[in-house]
1. Could you give me the ³J(HN,Hα) list for the stretch 20-32, computed from phi with Karplus coefficients 6.51, -1.76, 1.60 and θ = phi - 60°, whole Hz, x at Gly and Pro?
2. How do the peptides 198-205, 292-299, 76-83 rank, highest first, by the average count of neighbouring beta carbon atoms within 10 Å per residue?
3. Quick one: compute the contact order of the chain, relative version, from alpha carbon pairs under 8 angstrom and 6+ residues apart, as a percent.
4. Would you mind classifying the stretch 257-407 by shape? Square roots of the alpha carbon gyration tensor eigenvalues, ordered a ≥ b ≥ c; an a/c under 1.5 is rounded, otherwise it is prolate if a/b is larger than b/c and oblate if not.
5. Taking LYS256 as the anchor, which lysines have their alpha carbon closer than 23 Å to its alpha carbon, excluding any fewer than eight residues away along the same chain?
6. Go through (1) 174; (2) 137; (3) 226 and flag the label whose value is the computed volume of the Cα convex hull per residue in Å³ for this structure.
7. Expressed as a rounded percentage, what relative contact order does the stretch 224-358 have, with Cα pairs under 8 Å and six or more residues apart?
8. Dipole of the chain (Lys/Arg Cβ +1, Asp/Glu Cβ -1, origin at the Cα centre): which of MET109, ILE248, GLN127 lies farthest to the positive side?
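The values are calculated or read from the model by the stated rules, or taken from the named source; none is laboratory data. Note that this is a predicted model, so its numbers are computed, not measured. All Cβ positions, glycine included, derive from the backbone under ideal geometry; neighbour counts span all protein chains shown. In case anyone asks, the SASA skips ligands and DNA or RNA and just uses the protein heavy atoms, side chains included. Shrake-Rupley method; radii C 1.70, N 1.55, O 1.52, S 1.80 Å.
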Amino acid sequence: MASINSGSRIAAPPASSFPLELVNALSSRKGLEKVRFDSGLLMRLPDFMTPAQEGRIHYHSFFLGPLERLVRESYPITATSIHFSRLHENFTKGSLDAVLLEVSPPDEMGIMSLGPMGTLAGRAMIQAADRVIVQVNPHVPFIHGEDAHVHVDEVDFICDCDRPLFEVPDASPDAAEAKIADFISERIPDGATIQLGIGKLANAIGDRLSGKKDLGIHSEMLTPSLIRLIQEGVATGAKKELHRGKAIGGFSLGGKADYDFLHSNPQVKFYPVSYVNDPAVVAKHSHFISVNNALAIDLTGQAASESLGFSQFSGTGGQLDFVRGARMSLGGMSFLALKSTAGSGSGLISRIRCTLDPGAVITTPRSDVQYIVTEYGIADLDRKSIPDRVRAMIAIAHPAFRDELSREAVASGLVSFSDLQGVKAAA
């Protein structure tokens, strides 16, 4: 880390491929200041993210995770909003002084794998950087794919590290998430190609697909539940028009068993998200099914999936990429899922709103949404009028809020009172 100077811009892959030891060595440098550091979705806080070190290293996150949300009030974090299909544009040639990577041991040809998260935009970072610095970790799986590797000849500095990869344990869905998973999984036909987002709901949906046949996988994230479908012989990819017989992913975040499965596995190929998330690539698969989460949705279908008001919660990610790709797919469907409420007791609020909170970021415009799903049913908003949208959204709201939402919809001029006659809960 002695090669990093004050005023530098550096970057590193996020989450399970985050090179913590290199970053902590950077944090320990005396006299270093005004360094810009780009990454995201931290699984362990680096040493520089303490109030005592504030101002030395400026952290720019292209996707906030739970740890970033936990510390952002005490340590400044700059959020970057960008579709993952365009993430490589953050790292143009010459824009980085250095990239820090965690890689697998080199094979007999000197090729090292970028690991389960390094494929996200690792090659873009390498091509943008003046210096390439890697830590070789024997726990990093060797990943098959395009732009998923770095050769020793491309590297300026190599050091060693021996630490298990950061893991995210499986979490069981609650009753509402289980019901949402039931609704969505029933709509997924045999032979479909699927994309699932991150979290408990995605895993709950994957777990309900074990009875399907010949599913395909083309997903920004290879979730643990998608990996299980490959292991169970459910996701064969036999019907895919593109990359037939292969599961395609942009990155993976799971547990040790998932990383072990990915190691040198020819069934799975990783590509940078600039390719995986490209709507035109997604659309080449017929019957493509996209499933993602939202934080709140208004009565006309505007989906806020990355902020709570003005407060950044996660990131733009790949949601809109896959919504649009699925809509262009022959027989494709896109689902945005959310529990109908947040909070509890006297603090219970509806996540279906007449109008979103000031500052709420619209991740998916209402003109793009197709199906909205809560534990109370599925609202089909495809090519619907405003009154039809309002009726459908109220029908999948929590029953305790339907009358209030109806009054607000009329008062705001979205609909007339007669438009809401006969509104029933969604099936």
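1. Once θ is set to phi - 60°, the couplings for the stretch 20-32 become 4, 5, 5, 5, 5, 5, 5, 4, 7, 4, 7, x, 6 Hz.
2. With the highest mean Cβ count within 10 Å placed first, the list reads 292-299, 198-205, 76-83.
3. 13
4. Prolate shape, in that a/c is at least 1.5 and a/b is the bigger ratio.
5. LYS200, LYS246, LYS269
6. (2)
7. On the way: 198 pairs, mean separation 30.0, N = 135.
Here the relative contact order equals 22 percent.
8. ILE248
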